Amino acid sequence: MTTLALGPQWLDPDYLIDTFGLLGVLAIVFAESGLLIGFFLPGDSLLFTTGLLVTTDVIKQDLWLVCVAVAVAAVLGDQAGYLFGRKVGPSLFRRPDSRLFKQENVEKAHEFFEKHGPKSLILARFVPIVRTFTPIIAGVSRMNYRSFIIFNVIGGVLWGTGVTLLGSALGKVDFVHQHIELMLIAIVLLSVIPIVIEYLRARGKAKKEAAAQPEPEGPAAGSASQGPRGRHAKR
């Protein structure tokens, strides 16, 4: 295995798995799924690497057991996020920015949740950063708990097992073995694409709204335009 050439070493999936093993993977999946401090963790590339290492026998666990464990960690992570959101409530939107907390991430997740409704718990799983904050927003919004559990389980299983199985399947391909670092970089970039698309879409929407607003007419301009008429009327 090679070291992923993106970001610090402690965010490199290979390093994390080698250092903390499968339990470390599960802890990271749990944190990224619903804890405020977990938004920066490499969930997608970590699961892909985990599946790949299971196939190559670096991780000495059955693939089905790893998939079940990852899905459970993802579901429990969202559960923790939901309960945190219910407890914190609207005060989350008044929390000041810090090094690990940005208000814009909360607002982005809130817009995502409002746009897609309960199914956002499934869609958000595949969008970095948004997947961390969406279950928290669901708790803040006091989403029906039964509906939350259903969509949480579906999303956790699809994301947790899906990305892990993808890594396992591609791990059997010779090209992947020869270009592991390239594949990990590709996974990271693919994870970022939805964020870039959403950013460009929001930026374009803001520009259109700004262009659609009429320019306010100042009192000076109004008096200047009416000045000559006033003088003419007096004559």
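The values are calculated or read from the model by the stated rules, or taken from the named source; none is laboratory data. In this text the structure is predicted, and so the values were computed from the model without any measurement. Each accessible area value is taken on the protein alone, full model and side chains, heavy atoms only, with ligands, DNA and RNA left out. Shrake-Rupley method; radii C 1.70, N 1.55, O 1.52, S 1.80 Å.
Things to note:
- By a 1.4 Å probe calculation restricted to protein chains, Glu111 has an accessible surface near 110 Å², given to the nearest 10.
- The listed residues Arg203, Arg86, Arg125 rank as Arg203, Arg86, Arg125 when sorted by accessible area, largest first, using a 1.4 Å probe.
- The largest accessible area among Tyr15, Tyr145 belongs to the first residue in Tyr145, Tyr15, and the rest follow in falling order (1.4 Å probe, all chains).
- Solvent exposure of region 60-169, expressed per residue, is 49 Å² of accessible area, with all protein chains present and a 1.4 angstrom probe.
- Residue by residue, region 139-153 carries 3J(HN,Hα) couplings of x, 4, 6, 6, 4, 3, 5, 5, 5, 4, 4, 4, 6, 5, 5 Hz when phi is fed to the Karplus relation 6.51 cos²θ - 1.76 cosθ + 1.60 (θ = phi - 60°); x denotes Gly or Pro.
- Ile185 accessible area, 1.4 Å probe, all protein chains in place, Å² to nearest 10: 40
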